[in-house]
Amino acid sequence: MKKQWWHDKVAYQIYPKSFYDSNGDGIGDLPGIISKLDYLKDLGVDILWLSPIYKSPLADEGYDIADYYSIDPRFGTMEDMERLIAEAKKRDMYILMDLVVNHCSDEHEWFRKAVQDPDGKYGNFFYIEDREEGKLPCNWRSYFGGPVWEPLPGRPDKQYLHVFHKKQPDLNWENPEVRREVYKNINWWLDKGLGGFRIDAIINIKKKLPFCDYPADREDGLSCIDNMLAEAKGVGEFLGEMARETFRPHNAFTVGEVFNEKKEEIKDFIGENGYFSTMFDFAETVYGKSPKGWYDSSAFLTPEEYKSCIFAAQEKIGDVGMISNIIENHDEPRGVSHYILPEDLCDESKKLLAGVYFMLRGLPFIYQGQEIGMENTVFQSIEDVDDVSTLDEYRVALNAGLGEEEALKKVAAFSRDNARTPMQWNTGKNAGFTEGTPWLRTNPNYLRINVEAQEKDENSVLAFYKKLIALRKSEEYKETVVYGKLVPFMEQEKNLIGFTREGDKKLLVLANFQKEPRQVALPSEMEKLLLNNLKDLDLKDGKINMGAYQFIVLELR
Ligand code: TEU
Ligand code: CA
């Protein structure tokens, strides 16, 4: 594989609204991020992905952009953004912004002009169709529930497409003028010194046209949009053009949020001349999700299910490209609350989960708060919930006949709000996130889980992440950790996740993903113990007696 500057780096996702509030209005902001750059540098991360901070009505928390050339005043000013890029550069860090171009906000001037004149230039920036009573152009279901068609404001004879929220009208990528405007904006931002972009929901830009229905999969008579995406052909033309027009000339780093990719497309997406530098592995993220909705989905993955997902993803990618690995992001529950049973949640099991995903082949992304083992929050009632996706899934659960309490409990396990509660800096007011009233309730467990306490504790989850990052960057082992082949080890052993990483060194990763102890016979002699989430290593005659949730990395002779 041709080496790239970002291969040996570590990435960190910031959700600006919840990271650090510098001016007491309860909303995280750019000056707040700048004030925490040294914390992030000390952690050892290099690439910072910021969820959207452009001008937005925040109908979908900023993934509904009203002006691609601006910073929303809630988050700061363009000068703040330029200062962040400069301050990051001083620390050899790179800033990625979120490229959200499948749709814009209904408050964007393009949409405003389309509403005024649906048959004019800007009408063709969107998918606007004539309205016939009782018949929709297609029965696709929005990701946020309900039909993807909404009457055009002031024009009852017209309707527009939105695969997400109705305040997020889809941009018509078949229109070359739309593409030209998007590329112009990308280059404008890259010329400002961005390291690149995380690319939002990009598989949705290519629709199967003409619009048609798919078999209804719920009582609402609608069909999951995945059914259309499975038949949509030609997204590569758009992505290849975008890469040629913008990313490549800037040698920009890009990470695609790609669900539903077809196996044969992977090389095109992240291969040597791929559209993107990398893309996320979502195999574990989507596992166990029911087409009926969150209420019918499994709130936890067993260690065996998790193991099968990560090994399948590694197998699928092979040496085609460099995948990006996560355990959580701003759309998902906290990883430690999704992959570890509540009764087994402890520092050891959190470190084990960290170690397993971090030692996989690929670029590790850490989501804000993951490095201290932040957990899902608690919702007293549905009124506590901000996330439009959770509110929709709650309605779906009620419609399926669940009572209010059970519906809330079911959707709480998946709510995107779990990852959006304020970052927990210390035991001060609102976990040190804001002097004001936080826009979303702080997780009450901040007295137990916070940065300040863990910075003083060499056995903390935070300290363990620093050790993982240091191992990945160490002169002696980085070649193997970054490029080494991944070979599953004792794959059939229940609740054992074992694999070797084979490069100029041979490393063995062993994770006893259960509270029961177990014995593991080493395949060859241990040269050196590199990481251990427990104090001791019980190794005798080539056999290791592993304790509950013990995680180790060792170099083999
Ligand atoms: O998410 C795309 C997406 O399809 C999934 O994340 C999922 O369907 C969604 O989170 C609903 O649960 C991206 C962003 O990450 C997400 O925050 C935005 O809401 C969405 O696109 C629209 O921009
Ligand atoms: Ca603020």
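Please verify whether region 225-239 includes one or more residues that are buried (at least 17 other Cβ atoms within 10 Å of the Cβ), farther than 30 Å from GLY401 by Cα, in contact (Cβ under 8 Å) with a residue 60 or more places away in the chain and under 25 Å from the mean Cα position of the chain (by Cα).
yes
Can you tell which of THR390, THR421 is modelled with pLDDT of 95 or more, of a type outside the set (Lys, Arg) and outside any helix (DSSP H, G or I)?
Just a single option satisfies the conditions, and that option is THR421.
Give region 55-72 a look and list any residue that's charged (D, E, K, R), within 16 Å of ligand 2 (Cβ to nearest atom) and touching a strand residue (DSSP E or B) at 6+ places or on another chain (Cβ under 9 Å), or say none.
LYS55, ASP72
May I ask you to list the residues in region 18-54 that are within 10 Å of ligand 2 (Cβ to nearest atom), within 20 Å of THR421 (Cβ to Cβ) and open to solvent by 20 Å² or more (accessible area, probe 1.4 Å)?
TYR20, SER22, ASN23, GLY24, ASP25, ILE27
Here's the yes/no breakdown for (1) in a helix (DSSP H, G or I); (2) touching a helix residue (DSSP H, G or I) at 6+ places or on another chain (Cβ under 8 Å):
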position: GLU245; (1), (2): yes, yes
position: PHE259; (1), (2): no, yes
position: GLY288; (1), (2): no, yes
position: LEU301; (1), (2): no, yes
position: ALA312; (1), (2): yes, yes
position: GLU315; (1), (2): yes, no
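Could you tell me which of the residues GLU476, GLU383, GLU452 is in a loop (DSSP other than H, G, I, E, B) and charged (D, E, K, R)?
Going through GLU476, GLU383, GLU452 in turn, just one is in a loop (DSSP other than H, G, I, E, B) and charged (D, E, K, R): GLU476.
Just checking, does region 339-357 include any residue being assigned to a loop (DSSP other than H, G, I, E, B), closer than 30 Å to THR254 by Cα and hydrophobic (A, V, I, L, M, F, W, C)?
Checked region 339-357: no residue is assigned to a loop (DSSP other than H, G, I, E, B), closer than 30 Å to THR254 by Cα and hydrophobic (A, V, I, L, M, F, W, C).
Conditions tested, residue by residue: (1) more than 16 Å from ligand 2 (Cβ to nearest atom); (2) out of contact with any strand residue (DSSP E or B) (no Cβ under 7 Å at 6 or more places or on another chain); (3) assigned to a loop (DSSP other than H, G, I, E, B).
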site	(1), (2), (3)
CYS138	yes, yes, yes
GLY145	yes, yes, yes
PRO151	yes, no, no
HIS165	yes, yes, yes
GLU174	yes, yes, yes
ARG179	yes, yes, no
ASN187	yes, yes, no
ARG198	yes, no, no
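Looking only at region 261-282, how many residues end up being farther than 26 Å from GLY193 by Cα and either in contact with a strand residue (DSSP E or B) (Cβ under 9 Å, 6 or more places away or on another chain) or surrounded by 16 or more Cβ atoms within 10 Å (Cβ to Cβ) (or both)?
6
Quick check on region 424-448: of everything there that is of a type in the set (Gly, Ala, Ser) and assigned to a helix (DSSP H, G or I), which residue is farthest from THR377 (Cα to Cα)?
The initial filter retains those residues of region 424-448 that are of a type in the set (Gly, Ala, Ser), namely 428, 431-432, 436.
With the extra rule that they be assigned to a helix (DSSP H, G or I), the set shrinks to 431-432.
On the way: ALA431: 14, GLY432: 17 Å.
Applying the filter and picking the extreme gives GLY432.
Being away from ligand 1 (no atom under 16 Å from the Cβ) and among the hydroxyl-bearing types (Ser, Thr, Tyr) is the filter; apply it to region 347-391 and report the residue that is farthest from PHE144 (Cα to Cα).
SER349
Out of all the residues in region 389-408, is one or more closer than 26 Å to LEU37 by Cα and touching a residue at least 40 places away in the same chain (Cβ under 8 Å)?
Pass one, region 389-408, residues closer than 26 Å to LEU37 by Cα: none.
No; the residues of region 389-408 include none that is closer than 26 Å to LEU37 by Cα and touching a residue at least 40 places away in the same chain (Cβ under 8 Å).
Can you tell me which residue is nearest to ILE205 (Cα to Cα) among those in region 110-128 that are surrounded by fewer than 17 Cβ atoms within 10 Å (Cβ to Cβ) and in contact (Cβ under 8 Å) with a residue 24 or more places away in the chain?
Quick first cut of region 110-128, residues surrounded by fewer than 17 Cβ atoms within 10 Å (Cβ to Cβ) only: 112-113, 116-117, 119-121, 124.
The next check asks that each one be in contact (Cβ under 8 Å) with a residue 24 or more places away in the chain; those that pass are 121, 124.
Values: LYS121: 19, ASN124: 15 Å.
By that ranking, first place goes to ASN124.
When residues of region 153-163 are filtered for being assigned to a loop (DSSP other than H, G, I, E, B) and either in contact with a Pro (Cβ under 8 Å, 6 or more places away or on another chain) or within 16 Å of ligand 2 (Cβ to nearest atom) (or both), how many remain?
Of the residues in region 153-163, 1 are assigned to a loop (DSSP other than H, G, I, E, B) and either in contact with a Pro (Cβ under 8 Å, 6 or more places away or on another chain) or within 16 Å of ligand 2 (Cβ to nearest atom) (or both).
Any residue at all in region 201-208 that is among the polar types (S, T, N, Q) and in a loop (DSSP other than H, G, I, E, B)?
No, region 201-208 has no match at all.
Could you pull out every one of the strands (runs of 3 or more DSSP E) wholly within region 487-557 that has 3 or more residues that are without any contact (Cβ under 8 Å) to a residue 24 or more places away in the chain?
538-540
From the list ALA216, ALA243, pick out the single residue that is open to solvent by less than 10 Å² (accessible area, probe 1.4 Å) and farther than 15 Å from ALA201 by Cβ.
Residue meeting the stated conditions: ALA243.
What is the one condition in (1) within 25 Å of the chain's Cα centre (by Cα); (2) within 16 Å of ligand 2 (Cβ to nearest atom); (3) of a type outside the set (Ser, Thr, Tyr) that ARG83 does not satisfy?
(1)
From the set of residues in region 501-542 that are among the polar types (S, T, N, Q) and farther than 16 Å from LEU352 by Cα, which is most open to solvent (accessible area, probe 1.4 Å)?
GLN519
The values are calculated or read from the model by the stated rules, or taken from the named source; none is laboratory data. Note that the structure is predicted; figures quoted are calculated from it, not measured. No Cβ is skipped: glycine too gets one built from the backbone with ideal geometry, and neighbour counts run over all protein chains shown. Side chains are part of the model used for accessible areas, which takes the heavy atoms of the whole protein and leaves out ligands, DNA and RNA. Shrake-Rupley method; radii C 1.70, N 1.55, O 1.52, S 1.80 Å.
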